[in-house]
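The values are calculated or read from the model by the stated rules, or taken from the named source; none is laboratory data. These figures come from a predicted structure and were not determined experimentally. All Cβ positions, even for glycine, are placed from backbone atoms using ideal geometry, and neighbour counts span all protein chains on display. Areas reflect the complete protein model, heavy atoms only, side chains present, ligands, DNA and RNA absent. Shrake-Rupley method; radii C 1.70, N 1.55, O 1.52, S 1.80 Å.
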Amino acid sequence: MELISIIIPVYNHLPELKQALQSIKKQTYNNFEVIVMDDGSDEPIEEKINKNDFNFEIIFLREENRGAPFARNRGFEVSKGDFVIFWDADVIADPEMLQKMHNVLSIHPEASYSYADFYYGKKAMKAGKFDPYRLKKENYIMTASLIRRNDFTYFDKELKRFQDWDLWLTMLEKDKIGIYIPEFLFFVIPHKNGISFWLPAFAYKKPFSFLPGIRRKVKAFEKAKKIVMEKHNLVDKK
């Protein structure tokens, strides 16, 4: 059974992390290692976790606060798995998530990673079949995807948002593609900084995009999107 490295970047979100670890404990695929990257939390995360609550070893690494991309990359560097999944602290998984993601990659050697649908709070977030043309227009694949170790191209530490989208685009430029699992395999706990300040689709259209409280978020979203698209030559640079 191949080893999966589960890398969890965390900054202060202790209650969410404990729930994430509990969902890892219930995984039917049991050959994994867990690396918790403490991204400079106010208090060391390791001191707040009772390791006896889990039936697996947890490797804790603490760095100064440099952001999730740096923490993920650092976790990858110390990991040993044949596959890696960047499991954010707010992700609660179905018990069969790792097994199903691994099974799909086992029968699809042409794919570099597998991904699935998920819930963001009560909102159903359906991904859809892998489509390189769609991927160049929008970010529809979540970070919590199982990636072949040899195909991972690292996260861009300079990006503040859309690091996952940038990763998939970088991999696509190297002819690395994903495979879709049409199932809801995990749940993301909503919080203030979750999923690029997710807003419903109508919020990005007039007149809603001009409403107080929404306009600022929409502008930040569009600015971050433009940065990624320019990096990958998907829009004209002006």
ask   = Once Cα extents along the principal axes in Å is worked out from the coordinates, which option in (1) 46, 41, 34; (2) 53, 42, 32; (3) 61, 43, 40 does it equal?
value = (2)
message = In whole Hz and in residue order, list the ³J(HN,Hα) couplings for segment 142-147 that follow from phi through the Karplus curve 6.51 cos²θ - 1.76 cosθ + 1.60, θ = phi - 60°; x for Gly and Pro.
response = 6, 4, 6, 10, 8, 10
task = Pop out the ³J(HN,Hα) list for segment 80-93 in order, Karplus 6.51 cos²θ - 1.76 cosθ + 1.60 with θ = phi - 60°, rounded to Hz; leave Gly and Pro as x.
result = 10, x, 6, 10, 9, 9, 8, 9, 4, 5, 9, 9, 10, 9
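Tell me the per residue accessible area of segment 5-69 using a 1.4 Å probe; a whole number in Å² is fine. Each step should come with its number before you reach the end.
Details: 3220 Å² over 65 residues.
Spelled out: the 1.4 Å probe surface of segment 5-69, per residue, equals 50 Å².
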task = Assuming 0.890 mPa s and 25 °C, estimate D for segment 58-112 with Stokes-Einstein, Rh taken as the Kirkwood radius over Cα pairs, in µm²/s.
result = 183 µm²/s
note = With Cα springs under 10 Å, the Gaussian network model of the chain assigns the largest mean-square fluctuation among PRO69, PRO44, PRO15 to PRO15
key: HN-Hα J in Hz across segment 148-162 - Karplus 6.51, -1.76, 1.60, θ = phi - 60°, x for Gly and Pro   = 5, 3, 5, 9, 5, 10, 6, 8, 7, 5, 7, 7, 8, 9, 6
task = Pull out a ≥ b ≥ c, the square roots of the eigenvalues of the alpha-carbon gyration tensor of segment 1-45, then state rounded if a/c is under 1.5, prolate if not and a/b is larger than b/c, and oblate in the remaining case.
result = oblate
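Per the 1.4 Å probe, what fraction of the accessible area of segment 9-61, in percent, lies on carbon and sulfur atoms? Kindly include the intermediate steps, with their values, before the conclusion.
Details: 1110 of 2670 Å².
About 42 percent, which is the carbon plus sulfur part of the accessible surface.
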request  = Taking only Cα atoms and a 10 Å spring cutoff, compute GNM fluctuations for the chain and point out the largest among ILE92, ILE227, ILE141.
outcome  = ILE227
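Does segment 1-75 come out rounded, prolate or oblate by the C-alpha gyration tensor, with a ≥ b ≥ c the root eigenvalues, rounded set by a/c under 1.5 and, if not, prolate when a/b is larger than b/c and oblate if not?
Values: a/c = 2.20, a/b = 1.39, b/c = 1.58.
Cα axes put segment 1-75 in the oblate bin.
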key: Rounded to 5, percent antiparallel among DSSP beta bridges of the chain   = 30 percent
note = Taking a ≥ b ≥ c as the square roots of the Cα gyration tensor eigenvalues, with a/c under 1.5 meaning rounded and otherwise prolate when a/b beats b/c or oblate if not, segment 127-191 comes out rounded
note = Per the helix-only model, the chain has a calculated mean residue ellipticity at 222 nm (DSSP H runs of ≥4, -39500 (n - 2.57) each, divided over all residues, rounded to the nearest 500) of -8500 deg cm²/dmol
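What's the ranking of 97-104, 228-235 by average number of surrounding C-beta atoms within 10 Å, highest first? Provide the component values of the computation, followed by the final result.
Values: 97-104: 20.5, 228-235: 14.8.
Ranking, from highest mean packing down: 97-104, 228-235.
If the limit is 18 Å between Cα atoms, which of LYS136/LYS225; LYS25/LYS122; LYS157/LYS231; LYS25/LYS51 go over it?
Details: LYS136/LYS225 11 Å; LYS25/LYS122 24 Å; LYS157/LYS231 14 Å; LYS25/LYS51 12 Å.
Cα-Cα > 18 Å for LYS25/LYS122; rest within.
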request  = For the chain, set up a Gaussian network in which alpha carbons nearer than 10 Å are linked by springs, and say which option among THR153, THR143, THR170 fluctuates the most.
outcome  = THR153
message = Taking amide H atoms as placed 1.01 Å from N in the peptide plane, list the residues 5 or more away in sequence, or in a different chain, whose amide H sits under 5 Å from that of PHE32.
response = ILE4
